[in-house]
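Chemist: Starting off with a structure, shown below.
The values are calculated or read from the model by the stated rules, or taken from the named source; none is laboratory data. As the structure is a computational prediction, the values presented were derived from the model and not from experiment. Cβ atoms come from the backbone with ideal geometry, glycine included; neighbour counts cover every protein chain shown. Only protein heavy atoms, including side chains, enter the accessible area calculation; ligands, DNA and RNA are left aside. Shrake-Rupley method; radii C 1.70, N 1.55, O 1.52, S 1.80 Å.
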Amino acid sequence: MSAVIGKHISFQYDFHINKKPILNDISFEIKKGEFIVILGANGSGKSTLVKHFNAILPVQQGELSLFHIDVTNEEHIWKLRKMCGMVFQNPDNQFVSTIVEEDVAFGLRNYDIPEEEISKKVKNALSIVEMDGYQRRSPHTLSGGQKQRVAMAGILAMEPDIIIFDEATAMLDPRGREEVLTYLKKIHKIGKTIIMITHYVEEAVDADCIWLMKEGVILKKGSPYDILTDVHLLTQAKLMPPLNVQIYYDLLENGIQLSHIPLTNEQLVEELCQLK
């Protein structure tokens, strides 16, 4: 089943006739339950594209639907925003309450959900991201990774079909980034459609499919191995390959041939252990 279908999407913030569009004739399809990573350098159009999915930005040209619901129909905006949740770069900008459980419950109360249901949904959402016991804490006393987990819980409580992570690890230290990625993968495993926006190539390793963007177009769609081992393609998109891929080519230049290009540390160790 298709979760998102886009046909010939174009967009520009300034309508000057000679102005280059931010998005230029993009077409795509995302299946329900997929984990898609949209990878690209800053300014490539990644965030602009996904902000169309829940009508933060209007569709100027082309067609876009979520589960066959037309995004351009204003009558569907609130339904779409419930179906498609978004975790942004800075969790502090998403907090509306001084207490964690109140913040997670905020969206539910906007939809007039009965209080007894709200309590259950908040508890379940916090449990998924392992923030049980933090209900009465202030979000501003938490670490960066914990704040993003609370933001994730606020989205999960709404029970969306699709969750977009828009550079959700960009402001975190390595430990916080690892936390967010761990729970992102957990959320995908429970059946959510995940769309992750990032310029960190290492974060794309576990995706079902990567869309590589540059200057408003999708250069290529493919598996993590196809995209992340193509050094020429990544260079074209103004990105560096993952460290383990760089190590592979550095070894090759020095006469050491591994049998397989590794994407992860575990794969690299396995390859090195096989050397004679």
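Chemist: Considering region 230-269 alone, what residues qualify as being in contact with a Gly (Cβ under 8 Å, 6 or more places away or on another chain) and small (Gly, Ala, Ser)?
Modeler: The one that is in contact with a Gly (Cβ under 8 Å, 6 or more places away or on another chain) and small (Gly, Ala, Ser): Ala237.
Chemist: Could you tell me whether Gly33 is surrounded by 20 or more Cβ atoms within 10 Å (Cβ to Cβ), closer than 25 Å to Asp208 by Cα and modelled with pLDDT of 95 or more?
Modeler: Numbers: surrounded by 20 or more Cβ atoms within 10 Å (Cβ to Cβ): no; closer than 25 Å to Asp208 by Cα: yes; modelled with pLDDT of 95 or more: yes.
The answer is no for Gly33.
Chemist: Further question on the same structure: Output the residues belonging to region 159-178 that are surrounded by fewer than 22 Cβ atoms within 10 Å (Cβ to Cβ) and touching a helix residue (DSSP H, G or I) at 6+ places or on another chain (Cβ under 6 Å).
Modeler: The first filter runs over region 159-178 and keeps only residues surrounded by fewer than 22 Cβ atoms within 10 Å (Cβ to Cβ), leaving 159-161, 166-167, 170-178.
Within region 159-178, Pro160, Asp161, Asp166, Leu172, Gly176 qualify.
Chemist: Here's something else I'd like to know. Restricting attention to region 141-153, does a residue exist that is in contact with a helix residue (DSSP H, G or I) (Cβ under 8 Å, 6 or more places away or on another chain), hydrophobic (A, V, I, L, M, F, W, C) and open to solvent by 30 Å² or more (accessible area, probe 1.4 Å)?
Modeler: Keep residues of region 141-153 that are in contact with a helix residue (DSSP H, G or I) (Cβ under 8 Å, 6 or more places away or on another chain), which gives 142-153.
Still in the running and hydrophobic (A, V, I, L, M, F, W, C): 142, 150-153.
When the remaining residues are screened for being open to solvent by 30 Å² or more (accessible area, probe 1.4 Å), the result is none.
Within region 141-153, none of the residues are in contact with a helix residue (DSSP H, G or I) (Cβ under 8 Å, 6 or more places away or on another chain), hydrophobic (A, V, I, L, M, F, W, C) and open to solvent by 30 Å² or more (accessible area, probe 1.4 Å).
Chemist: Still on this structure, I have one more. Could you tell me which of the residues Asp25, Asp92 is open to solvent by 50 Å² or more (accessible area, probe 1.4 Å), of a type in the set (Asp, Glu) and at pLDDT 95 or above? Reasoning before the result, please.
Modeler: Details: Asp92 fails: at pLDDT 95 or above.
Just a single option satisfies the conditions, and that option is Asp25.
Chemist: Counting just the residues of region 226-276 that are open to solvent by 90 Å² or more (accessible area, probe 1.4 Å) and among the polar types (S, T, N, Q), which one comes out farthest from the chain's Cα centre (by Cα)?
Modeler: Taking region 226-276 first, the residues open to solvent by 90 Å² or more (accessible area, probe 1.4 Å) are 232, 238, 240, 243, 253-254, 257, 259, 265-266, 270, 273-274, 276.
Subset that is among the polar types (S, T, N, Q): 254, 257, 259, 265, 274.
Numbers: Asn254: 37, Gln257: 34, Ser259: 32, Asn265: 22, Gln274: 35 Å.
Selected residue: Asn254.
Chemist: Pairs needed: first member in region 141-168, without any contact (Cβ under 8 Å) to a residue 60 or more places away in the chain; second member anywhere, assigned to a loop (DSSP other than H, G, I, E, B) and buried (at least 21 other Cβ atoms within 10 Å of the Cβ); C-beta distance under 7 Å; at least 6 residues apart or different chains.
Modeler: Every condition considered, the pairs that remain are Gln146/Met131; Arg149/Val129; Arg149/Met131; Val150/Met131; Ala153/Val129; Ala153/Met131.
Chemist: Here's a check for you: in region 102-133, which residue that is within 26 Å of the chain's Cα centre (by Cα) and basic (Lys, Arg) is most open to solvent (accessible area, probe 1.4 Å)?
Modeler: Looking at the filtered set, the residue picked out is Lys123.
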